[in-house]
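Structure record follows, encoded as structure tokens.
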Amino acid sequence: MFPPKTARLAIVALLAGALVASACSSASDDGNTLTIYSGRTEDLIDPILDDFEAETGITVVRNYGDSADLALLIDEEGDATPADVFLSQSPGAVGFLDDAERLAPLSGDVLDLVPASVRDDDGFWVGFSGRQRVLVYNTDLVDPSELPSSIFDLADPAWFGRIGVAPSNGSFQDFVTSLRTTNGDDVAQEWLEALAANDAQSYPKNSAIVAAVGRGEVDVGLVNHYYNYRALAEDPDHRGLNHQFDETDPGSVLIVTAASIIEGSDQSEEAEQLIEWLLGDSAQRFFADETFEYPLAPGVEPAADIPPASFAAVGGIDFEDLGGGLEATREMITAAGLEG
Amino acid sequence: MNVTQINASHDAVPVLHDASIVVEEGEMMALLGPSGCGKTTLLRVIAGLHRADSGTVVIGDQTVTSPGTFINPEQRRVGMLFQDGALFPHLTAAENVRFGLRGRSAAKQRTSDMLDLVGMGGYADRLPGTLSGGQQQRVALARALAPEPAVLLLDEPFSALDAGLRVQVRRDVKRILADVGVTTILVTHDQDEAFSMGDRVAVMSDGIVVQEGTPSELYERPANPWVAGFVGEANLIDGQYDGTNAETAVGSLVVRGDGPAGDVQVLIRPEQLAVVAGSAAVIDDVEYYGHDARYDVRILDRPGEPTLGVRMTLAEFQVGDRVDVKFVGSSVQTWPTEQAGDSD
Amino acid sequence: MSSTRSGTPNWLVGHAVLVGAVFALPGLFVFFRAAQLGGDLGSTASEVVGPLGRSVLLALSVGATATALGTMLAWLVVRSDLPGRRMWRLLLVLPLVFPSFVGAAAFLTSLAPGGLLHGLIESVGLEPPRRFRGFFPAWMVLTLFTYPYVLLPVAARLRALPSSLEEGARVLGRTRLGAIRSVTLPQLRPAMLAGGLLVFLYTISDFGAVQLLGYDTLTRVIFATRLSNRGVSFLSATLLILLAVAISAWARSAGPDQLRPDERVGRFERPAEPLGSIRLVALGFVSAVALVALVAPVLSLLTWSIRGLADGRVDLGELAVPLLNTAFVGIVTAILAVVVVVPLAVVTIRHRSKVANVSSVAVTGGFAVPGIVIALSLVFWALNTPGFSFIYQTFPLLILAYVIHFGSQALGAAEIAVRAVPDEIRESGRLLTPSRWLRRRQVEFPLMRPGLASGAGLVLLSTVKELPATLLLAPIGFETLSTEIWGAYEDGFYASAGTSSIVLVALSGLLTWALVLRRA
């Protein structure tokens, strides 16, 4: 192909280009800068942050990653953390930082932007979008008439080998924590064991379950509603559809994505400004229309084709209220043998 | 052993053209040629390590390669000594020798006999990495001889050794092979080695066996000027042949054999010439070797012609001395000039 | 010069100690945290014993099959007259480049209706499995994605092996297979062992693929408990590291006896071994491996990708900066990893240093530590070592994480490369050129090059797909292809994930060809 010299030149050019590029991308460190660690991925939040920058003149430095990993990172960084704001995909990760006393209290003004059911009782974090727990099913393999109205119906042997779950994933754990709150530990434990006895298949995360249901690998899966909309947007031939459990069923709780301010942030004013922005009209409309989530600010309606969900049932909010918190939830999941 | 009209190629590039040699039982045949002439390929064809495009190889009374026949190397009863020895580095000397004796009775005895034969009896448990190059080649020889091969093939086995060691190992190997009496083919690019080891020598060039004969036949009656130069130092000068004698710059010389009269190239070996004090020529260079000396002599009235090499036991002249050149041999070899031109 | 066996130069010993200490940082962090958090040993043990057993079982199985497959393929592409060897040499390395979860997801997509493998299985009249989960699927998929760890070093060794060994065995009465078994395989053993060890370590540290394939291993425990029960998480990580250290130490002791320098290098272009009647069978075999391990997943990714490119959701231009960044970190890490481990290999092999052996185990173990743990440990050390906090969230710390994580891949290759320089050659080189550096450059380096290139290639391929450490340690805003893939895949943006993955595979192919294969 091309001679060695050309190849060498190409590589040098490549390296030089990369250096320049990386220098450019991190060269914006002037006074009014806010650093956020975001468990929400770029596609789900970047436009809102860009709008915020344009609106306020505050530069938002964004560090994306897995919510749990970022929570661990903030904890490990301690006082040296550059993070001002932490956005989590699920309450579990903020709960961890809350427990570790790494969060700063939010002002009442911010907290009052959402109903009490979707924020931390002690005021350390606030939900800014919601995802409903649903059952995603493969339209070729499941007749809509046999779809259950309650998660407890999934214990029926008729569902043997047909269910996918993500037991090591935060959203499932938050949902089980919520189940413990509403129905008690015994019921929760029994249900988990029934799922295991029904040979529920274990997946690493929601998107993997939705894909597996689409492929027909499992018939149904317990997931957050959001992922199947995404899958349909990706592939119109995707075979999965969402099914809501009864409004009152513990299976149809809302899992919130949460915003918090890191203890010790010297930008708490700007940080609150950002959270207010996330709960503002344009951001909430973005969550509703672009990412198919449930807006949490009162007065903002979900997208037209998203079925309504109840705000009454919000999952995994107050771990402190439960013995052992998230840790006990996970131990119950493990004890049921759901992960193996 | 008969090797007849072998054609072979590497990656579709022909390297052997109808190469044929005959080796008598118990004989040592040296295959001599410059690198790239195909001699190693011919050896590998004989061993079955390279498939010939055509031609036959007969070892003893067994046809091992012919159109439609290919006997695998492991069934050919050939022994081979590689340039690098190719001792298996993870096996001891004894294990190496025993490698080819698998399944034979008295393999152990045979192994120690062979090691003794090559003078390596004391090194049975040593790994190749701890032996010198010469020792490694001895073990490799023992390994090759142990299964009593019908033919032993030596592929430049001494070229990786230091010059001093080379002569010694060469001598030892020759003695051992003579004792064993095995039919042997030695591949080498070194004329000294071919002449000192080989009962007969086959000279190869560009995939062709150019000439086959005893060392003295090759030296004295080379088939063409190229062979003449390859097997020894040669002065090739112009002359006019009249049917018996050739007129040259060093006088009228008796020509061996016969041929058409006309312009010829005359082969004069350096030892067939001598210099005496005189005026027709000048000494350009002197190489002193103790037992003899070699002069580069330029004949003054023949500008443009190459200098003559002269070997004499006396070294009484120095660079710049004026001399005359004399022919002191009995007869010379000639080739018609056109033919000489063709063979280049 | 004092570099004799008895007197190892001080700088080499110092280097070995330093390297060992740096590579031990993640382990020390994990031990420290495990002790500090005081996880309940009893309950941890009962929770962990099953997954640990499965991790070991899977890693041993994958290690064995990947070693066999990688060795076989290496022989075919280096030694045989397989048609298209040059092309296969490149293609067969590429399965290594799929990020674990993407590779497994793409593989499963291929098995599902509409996928290439689904169609192929149906076309031969079989029923494609509806569910491909559990031990055997995990075993198979991991084997297909990890055999290049063996293929590369074994191919490098095979290239350096003189043909006269096998030929010597042939004329001494061995069949072709017999010669390979009795002579070639013993020569390949160190390379096979080094590669097999990498496969083992990769398998015990993998999370994405095994989880997606429904096989529950120790890494799941580490991940699932990392927020909710950190004591269990760190105790499990401790176990993982101890397992890695034990297996690395075993591999070193089972490896080539350093008193038996049994490496040889050839000086000749070797003739290709004719496959004869099995040439087509071999071609079919190699094609099948490439089809299942490379073509099938790539086609799945392409299917995702094309949908997005078609309707404009995916913009290739946005990948330019991540592409350059990826190439940059990959090349820098590969070179640095080789530079760091070569002196260690020298002091281990030539000076038989015990210190270096211990350091080598630390280097090897680094590969089994999950990336997230390495990242967190470097955060810890950078911020808690007085005077070092300036390095935090800088490029060098990221590169350090990569080097710690993947240095082992260069080490095995470097040891093979060092052995490829025989003592005589080193000594004659010493006589010819008085300058040590000139000598290394002109005499030793060319001999070591195939081995070093294969090591650098492995590091490169691993680095460009690395994710957890990249996400946590990269300077904020530093995007690579793998962070793009993760960001997209995490929330089901398959078109975007597929496109980034294809670009990653293409980039890896190009870099492997330009930097490794062309030079080896």
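Which whole number gives the average, over all residues in C:155-168, of C-beta atoms from other chains lying within 10 Å of the residue C-beta?
The mean count of partner-chain Cβ atoms within 10 Å per residue comes to 4.
In a Gaussian network model over chain B where Cα atoms closer than 10 Å are linked, find which of B:His50, B:His291, B:His17 has the largest mean-square fluctuation.
Highest fluctuation among the options: B:His291.
Using amide H atoms built 1.01 Å from N in the peptide plane, name the residues 5+ places from C:Leu275, or on other chains, whose amide H lies under 5 Å from its own.
C:Asp81
Provide the convex hull volume over Cα atoms per residue for chain A, in Å³.
172 Å³
Would you please put C:179-186, C:299-306 in order of how densely packed they are, using the mean number of other Cβ atoms within 10 angstrom per residue and starting with the highest?
Put in order of decreasing packing, that is C:299-306, C:179-186.
Say the dipole of the range C:10-517 comes from +1 at the beta carbon of Lys and Arg and -1 at that of Asp and Glu; which of C:Tyr202, C:Ile349, C:Val459 then lies farthest toward its positive end?
The one lying farthest along the dipole's positive direction is C:Ile349.
Using a/c under 1.5 as the rounded threshold, could you call the range C:1-143 rounded, prolate or oblate? The axes a ≥ b ≥ c are square roots of the C-alpha gyration tensor eigenvalues, and prolate needs a/b larger than b/c, oblate otherwise.
It is oblate, given that a/c is not under 1.5 and a/b is not larger than b/c.
Other chains' Cβ within 10 Å of A:210-218 residues: what's the mean?
That average works out to 5.
When the Karplus curve 6.51 cos²θ - 1.76 cosθ + 1.60 is applied with θ = phi - 60°, which whole-Hz ³J(HN,Hα) does each residue of the range A:147-157 get, with x for Gly and Pro?
Coupling constants for the range A:147-157: 5, x, 8, 9, 4, 5, 5, 5, 6, 5, x Hz.
Of C:Val281, C:Val56, C:Pro450, which is farthest along the charge dipole of the range C:10-517 in the positive direction, counting Lys and Arg as +1 and Asp and Glu as -1 at C-beta?
Toward the positive end, the furthest listed residue is C:Pro450.
What dipole magnitude, in Debye to the nearest 20, does the range A:70-139 give about its Cα centre under +1 on Lys/Arg Cβ and -1 on Asp/Glu Cβ?
About 580 debye.
Place a +1 charge on the Cβ of each Lys and Arg in the protein assembly as shown and a -1 charge on the Cβ of each Asp and Glu, then give the dipole magnitude about the Cα centre in debye, rounded to the nearest 20.
Charge dipole, the protein assembly as shown, about its Cα centre: 6140 debye, nearest 20.
Short version: ³J(HN,Hα) in whole Hz for each residue of the range C:391-400, in order, from phi by Karplus 6.51 cos²θ - 1.76 cosθ + 1.60 (θ = phi - 60°), x for Gly and Pro, what are they?
Result, ordered by residue: 7, 5, 6, 10, 4, x, 5, 4, 5, 4 Hz.
State the answer as a single residue: which of A:Pro308, A:Leu274, A:Pro298 lies farthest towards the positive end of the charge dipole of the range A:228-314, with beta carbon charges of +1 for Lys and Arg and -1 for Asp and Glu, about the Cα centre.
A:Pro308
Report the GluC sites (Glu not before Pro) located in the range B:130-238 that are in a DSSP loop and have at most 16 other Cβ atoms inside 10 Å of their Cβ, or state none.
Filter output for the range B:130-238: B:Glu233.
Whose amide H sits under 5 Å from the amide H of B:Ser54, counting only residues 5 or more places off or on another chain, with H placed in the peptide plane?
Amide H to amide H, under 5 Å and 5 or more residues apart or across chains, B:Ser54 pairs with B:Asn7.
Limiting things to C-alpha atoms, what are the Rg and the maximum Cα-Cα separation (Dmax) for the protein assembly as shown, in angstroms?
Both quantities, over Cα of the protein assembly as shown: 38.9, 130 Å.
Show the residues, 5+ positions off or on another chain, whose built amide H is closer than 5 Å to the amide H of B:Leu152.
B:Gly79, B:Thr183, B:Thr184, B:Ile185
Compute the semi-axes of the equivalent ellipsoid of the range C:10-517, taking the square root of 5 times each eigenvalue of the Cα gyration tensor, and list them largest first in whole Å.
Working through the eigenvalues yields semi-axes of 34, 31, 23 Å.
Could you size up the charge dipole of the range C:10-517 around its Cα centre, putting +1 on the beta carbon of Lys and Arg and -1 on that of Asp and Glu, and report it in debye to the nearest 20?
With only Lys, Arg, Asp and Glu charged at Cβ, the dipole is about 1480 debye.
Quick check on chain B: what does the Kirkwood estimate of hydrodynamic radius come out to from the alpha carbon pairs, in Å?
It works out to 22.5 Å.
Apply the Karplus curve 6.51 cos²θ - 1.76 cosθ + 1.60, θ = phi - 60°, to the phi angles in the range C:101-113 and return the couplings in whole Hz, x for Gly and Pro.
Rounded to whole hertz, the list is 5, 5, x, 5, 5, 5, 4, 5, 4, 5, 7, 7, x.
For the protein assembly as shown, which whole-number percentage of the solvent-accessible area (1.4 Å probe, protein heavy atoms only) is attributable to carbon and sulfur atoms?
Carbon-and-sulfur percentage of accessible area, whole number: 56.
Among B:Arg322, B:Arg221, B:Arg76, whose mean-square fluctuation peaks in a Gaussian network model of chain B (Cα, cutoff 10 Å)?
Largest GNM mean-square fluctuation: B:Arg322.
Sorting check: for A:94-103, C:499-508, which peptide has the highest mean count of neighbouring beta carbons within 10 Å, and how do the rest follow?
The packing order, highest mean first, is C:499-508, A:94-103.
Using a 10 Å cut-off on Cβ to Cβ distances, tally the other chain neighbours for every residue of A:56-64 and report the average as a whole number.
Counting other chains' Cβ atoms within 10 Å and averaging over A:56-64 gives 2.
With a cut-off of 8 Å between alpha carbons and a minimum separation of six or more residues, what is the relative contact order of the range C:10-517 in percent?
Over the range C:10-517, the number comes to 25 percent.
The values are calculated or read from the model by the stated rules, or taken from the named source; none is laboratory data. Quick caveat, the model's predicted, so the values are computed rather than measured. Every residue, glycine among them, receives a Cβ derived from its backbone with ideal geometry; neighbour counts consider all protein chains shown. Quick note on the areas: whole protein, heavy atoms, side chains included, nothing else; ligands and nucleic acids left out. Shrake-Rupley method; radii C 1.70, N 1.55, O 1.52, S 1.80 Å.
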